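Notes to accompany the following structure.
The values are calculated or read from the model by the stated rules, or taken from the named source; none is laboratory data. Everything numeric here is computed off the predicted structure, so don't read it as measured data. Positions of Cβ are generated from backbone atoms using ideal geometry, with glycine treated the same way; all protein chains shown enter the neighbour counts.
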Amino acid sequence: MEEVVREGYSSALALYDRIKREEAVGSGFARKLKVSIGTIEGALRLYGEDEISIAFNGGKDATVILHLYRAVVANFVREEDARNQLSEQEKAERSRVASMYIVQEDEFPEVEEYVHETNKQYAIDASFLHTSFKEALIEFLSERPKIQAFVLGTRFDDPDGADLQHFSPSSRGWPKFMRINPILEWDYTDVWTFLRYFELPYCSLYDVGYTSLGKATRTRRNPALICKNGKYLPGYMLSDKCMERAGRVSHSEADHLQHPRRTAGVVLFSSEIERGVIEVDRVTTLTVLRDRGVRLKKLVFMAEELEDAAKEIADMSMSFDTVITGGLIRSRTEENTLRAVLLALRLPSLKEDDFESKLLTFPENVQKVLGKETIADETRLVMCNSSGPKVLDSLPKLMSQSPILANRICVQPKKKNRSPRRPPRPW
């Protein structure tokens, strides 16, 4: 460990010296870099290195802060050594950076790996806390009562950055500490200019299309970086910095990514549709699907022309996750419905007269899904001779469970005796 600490001190000094030599990376950025270094140097004069910590979470901004801070701290210790002749061990120990890391259940493995490797590489004195940010601060400050300030990677274009200064006290109701914001004036381009110009390591996710990292379920690759071949450019190649957070998703979008609502098209058949006797409660149809996590995209009523019905089913199967079919009134629509489905899916036609028996034995190689009520085969077709709650409640499972993965499900309502004045509802 002592050797790692000494190497960390030496590399930090080398980085500081290079920053000072290379401040003319660009006229505008050189000024920002000088302000950032001056802000950290001012904080060290006020508090000293033993009263300051960073909050290193593996993101690009936090990575900038880590390297800026460790470089300035190393130079601060070097200047102290020039005055008081510190030992090599003292210089190395005093240059170690204190850090707080909040462990999240919903974290990218790449981020966790990068944080651990970085802490090890630079001998960071890190605390890993398994709680919320506010509770983590309370716990961290109780364990390290000397800490008075945090150096943070907040920028002016962050959601909470517009009202901050380079030195801003913590908000009311939070533990008392000073927020030091050395890169407040930086933008997205400045961050990547610094990391790439000084050849500093960063999380690998940024090389595969990510531009802003949050929780894994609420972060995706930036769509502005996708190429025609489906691959993504590195994050530093984002041309429009206003699109930095385009890969972040809202709570509702994240919930959809974790639990996507499957889309469905519904085809309802009746031999009497041309007579205009169909009465169907569309609201009930929508409610039944919605309550079971299915999004109805198209609802079609059809007569029993096989070819037309088969074409509609085939078209729906290409557009939606699921096609649900059924008969509406007293007739042999169930059998004709199945024939249309088989034709649409280009499966062998049903020739036997015993429809009810064949429904539970076709095709030959089947997998039982709901006991005797539903069967499925490797063609991804599901057939049910029941429309009861057990079948309906299992729709989401049927629509997502292998081998019933994608485009086709056929739900066949069972015939029921109803008054001729009112046709039965589809479910």
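Can you pull out the helices (runs of 4 or more DSSP H) entirely within region 1-112 that have at least 2 residues that are under 37 Å from the mean Cα position of the chain (by Cα), over 18 Å from Ala149 (Cβ atoms) and not charged (D, E, K, R)?
2-21, 27-47, 60-84
Given Leu225, Leu205, which one is surrounded by 14 or more Cβ atoms within 10 Å (Cβ to Cβ), at pLDDT below 95 and over 30 Å from Ala43 (Cα atoms)?
Step by step, each of Leu225, Leu205 is checked, and only Leu225 is surrounded by 14 or more Cβ atoms within 10 Å (Cβ to Cβ), at pLDDT below 95 and over 30 Å from Ala43 (Cα atoms).
Can you name every residue in region 145-170 that is closer than 20 Å to Tyr101 by Cα and over 28 Å from the mean Cα position of the chain (by Cα)?
If the condition is that a residue be closer than 20 Å to Tyr101 by Cα and over 28 Å from the mean Cα position of the chain (by Cα), then Pro145, Lys146, Ile147, Gln148, Ala149, Phe150, Ser170 are the ones that fit.
Check Ser27, Ser53 and return the single one that is at pLDDT 95 or above and either surrounded by fewer than 16 Cβ atoms within 10 Å (Cβ to Cβ) or more than 24 Å from Tyr188 (Cβ to Cβ) (or both).
Ser53
Regarding Arg179, is this residue outside the structural domain of Ile65 (by TED's automatic domain parsing), of a type in the set (D, E, K, R) and surrounded by fewer than 21 Cβ atoms within 10 Å (Cβ to Cβ)?
The answer is no for Arg179.
So is Tyr114 over 22 Å from Arg172 (Cα atoms), surrounded by 16 or more Cβ atoms within 10 Å (Cβ to Cβ), touching a strand residue (DSSP E or B) at 6+ places or on another chain (Cβ under 9 Å) and of a type outside the set (Gly, Ala, Ser) or not? Let's see the steps before the verdict.
Working: over 22 Å from Arg172 (Cα atoms): yes; surrounded by 16 or more Cβ atoms within 10 Å (Cβ to Cβ): yes; touching a strand residue (DSSP E or B) at 6+ places or on another chain (Cβ under 9 Å): no; of a type outside the set (Gly, Ala, Ser): yes.
Spelling it out, it is not the case that Tyr114 is over 22 Å from Arg172 (Cα atoms), surrounded by 16 or more Cβ atoms within 10 Å (Cβ to Cβ), touching a strand residue (DSSP E or B) at 6+ places or on another chain (Cβ under 9 Å) and of a type outside the set (Gly, Ala, Ser).
Can Thr285 be described as surrounded by 22 or more Cβ atoms within 10 Å (Cβ to Cβ), of a type in the set (Val, Ile, Thr) and at pLDDT below 75?
No: the conditions fail for Thr285.
Only one residue in Leu46, Leu33 is of a type in the set (A, V, I, L, M), at pLDDT 90 or above and either touching a strand residue (DSSP E or B) at 6+ places or on another chain (Cβ under 7 Å) or closer than 22 Å to Phe194 by Cα (or both), so which one is that?
Values: Leu46 fails: either touching a strand residue (DSSP E or B) at 6+ places or on another chain (Cβ under 7 Å) or closer than 22 Å to Phe194 by Cα (or both).
Answer to the selection: Leu33.
Filter region 232-249 down to residues that are in a loop (DSSP other than H, G, I, E, B) and of a type outside the set (Gly, Ala, Ser) and give me whichever is modelled with the lowest pLDDT.
Going through the qualifying residues, I end up with Val249.
Name the single residue, out of those in region 182-199 being of a type outside the set (A, V, I, L, M, F, W, C) and part of a loop (DSSP other than H, G, I, E, B), that is surrounded by the most Cβ atoms within 10 Å (Cβ to Cβ).
In this case the residue turns out to be Pro182.
Which number in (1) loosely packed, with under 15 Cβ neighbours inside 10 Å; (2) in contact with a Pro (Cβ under 8 Å, 6 or more places away or on another chain) marks the one condition that Leu141 misses?
For Leu141, the exception is condition (1).
Identify, by number, the condition in (1) in contact with a helix residue (DSSP H, G or I) (Cβ under 8 Å, 6 or more places away or on another chain); (2) without any contact (Cβ under 8 Å) to a residue 40 or more places away in the chain; (3) surrounded by 15 or more Cβ atoms within 10 Å (Cβ to Cβ) that Thr131 doesn't meet.
The single condition Thr131 does not satisfy is (3).
So, in region 117-166, of the ones that are hydrophobic (A, V, I, L, M, F, W, C) and assigned to a helix (DSSP H, G or I), which residue ends up nearest to Ser204 (Cα to Cα)?
Looking at the filtered set, the residue picked out is Phe133.
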